[in-house]
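Nothing in this text is a laboratory measurement; each read-out follows from the coordinates by a stated rule. Nothing here was measured: the structure is a model prediction, and the numbers come from that model. Reconstructed Cβ throughout: ideal geometry from the backbone, glycine too, with neighbour counts over all protein chains shown.
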């Protein structure tokens, strides 16, 4: 098991190439189940979650060739070809490792009209049930049974178009129903749908494969089912969470860093917060530049919301910044009920944070103190890395296997900008 050792206090200068988005690549990989033709994805990040999904696709009868790149930030190429009739059983041993594995149920129902998929595992940040996925599939005509930890779904006569109103916004359920509906008979309307860039990316790939979809990027997506989809080559969009994380890293450590291969609009809700906290954010012809060369950051309140609001996947990183800011801020978490597990570890570094219901009250300290800390999940682990950049002394972040699920070669990317950090064996 690895750990990351950080000696804090170094400002960051240089450039960081942004990788392809994990949360876009995972559903894009699953689209290979919708066609017997070849699907090629470029700009694929080299992450543990991508490897888990590739393994699941192989178990479902899909050939997967993944050519990785040695160039930092340059994504790999994944070429897939589904079997004429994919396997319809997704076992617990694979699905338990990652919640996104549950996305195979919609495409399998659409293509082979049946699926047996384990209930998922994944990060311990709340219940995160799959009931919206299942209710939506039932609305499209599937019969659903849960037995022995598995979901048994069948649609012997094929899925039928329908209107489904999400009672609450769900990214995963929107993705699952979008993929299921493209081969359903007739028109499907998804109301109160999620609007995230990763869903737009998925929809655009499906359109390139021959799907008929309108309303991407809005809360009302309309899908007119087609009989078949074809193969395509498609580039995964840049990772907005990685973009935001390195922007916050620059804000917390100070310095000036250009994030290349990305776009400012992907972090639109974060930008005004960073500016209000005292950082400069400018668009360049290669990406986005972040700089903070002046005084200590200012405290600024934030509330997580579905896109285009401030993303829950940046909440822990932003809290690390606020822990070093001048003043008191309130950070409200409205998406997941158990996403403050990084708070006790930040407290070990001297952060002054108290929790009141769904709100963290952060009283900024002039400096944090390095300490040994333990990562509890993906976003919590990177918040501890960022805190370590600003801390006085040495910070050791243990259990960084969480980190490898979502951040590609983070110690190299930050190290090239002057961070004093290294990966070590426990």
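Observations on the model:
- By other beta-carbon atoms within 10 Å, ranking 383, 63 with the fewest at the front produces 63, 383.
- Counting other Cβ atoms within 10 Å as a rough exposure proxy, the listed residues 35, 303 run 303, 35 from fewest neighbours to most.
- log₁₀ of I(q)/I(0) at q = 0.11 Å⁻¹ - the chain, Debye sum with one point per alpha carbon: -0.81
- P(r) tail for the stretch 147-199: Cα pairs beyond 12 Å make up 68% of the total.
- With both residues required to sit in the chain, DSSP beta bridges show an antiparallel share near 70%.
- Mean-square fluctuations from a GNM of the chain, with a 10 angstrom spring cutoff on Cα atoms, peak among 25, 347, 153 at 347.
- P(r) weight above 19 Å for the stretch 274-426, C-alpha pairs, percent: 54 percent
- The alpha carbons of the stretch 16-86 occupy a box of 42, 18, 16 Å along the principal axes, longest dimension given first.
- Exposure proxy order (Cβ contacts within 10 Å, fewest to most) of 72, 266, 314: 72, 266, 314
- In the chain, the longest principal axis of the Cα atoms and the axis of helix 240-253 are about 0 degrees apart.
- Distance from the stretch 55-99 to the stretch 25-41 (C-alpha centre basis), Å: 9 Å
- More than 21 Å apart - percent of Cα-Cα pairs taken over the stretch 22-235: 48 percent
- Its convex hull of Cα atoms gives the stretch 135-226 a direction-averaged projected area, equal to a quarter of the hull surface, of 5.8 nm².
- Largest GNM mean-square fluctuation across 404, 157, 326, computed for the chain with C-alpha springs under 10 Å, falls on 157.
- Value of Rg to Rh for the stretch 272-355 (Rh from inverse mean 1/r over Cα pairs, i.e. Kirkwood): 0.99
- Acute angle (nearest 10 degrees) that the helix 197-208 long axis makes with the longest principal axis of the chain, alpha-carbon atoms: 30 degrees
- The stretch 316-361-the stretch 187-264 distance, computed between alpha-carbon centres (Å): 28 Å
- Candidates 379, 99, 348: whichever shows maximal mean-square fluctuation once the chain is modelled as a Gaussian network with Cα springs under 10 Å: 348
- Taking every DSSP bridge with both residues inside the stretch 22-235, close to 75 percent are antiparallel.
- Using C-alpha pairs below 8 Å separated by at least 6 residues, the relative contact order for the chain is 21 percent.
- When the stretch 1-119 is reduced to its Cα atoms, the Kirkwood hydrodynamic radius in Å: 15.6 Å
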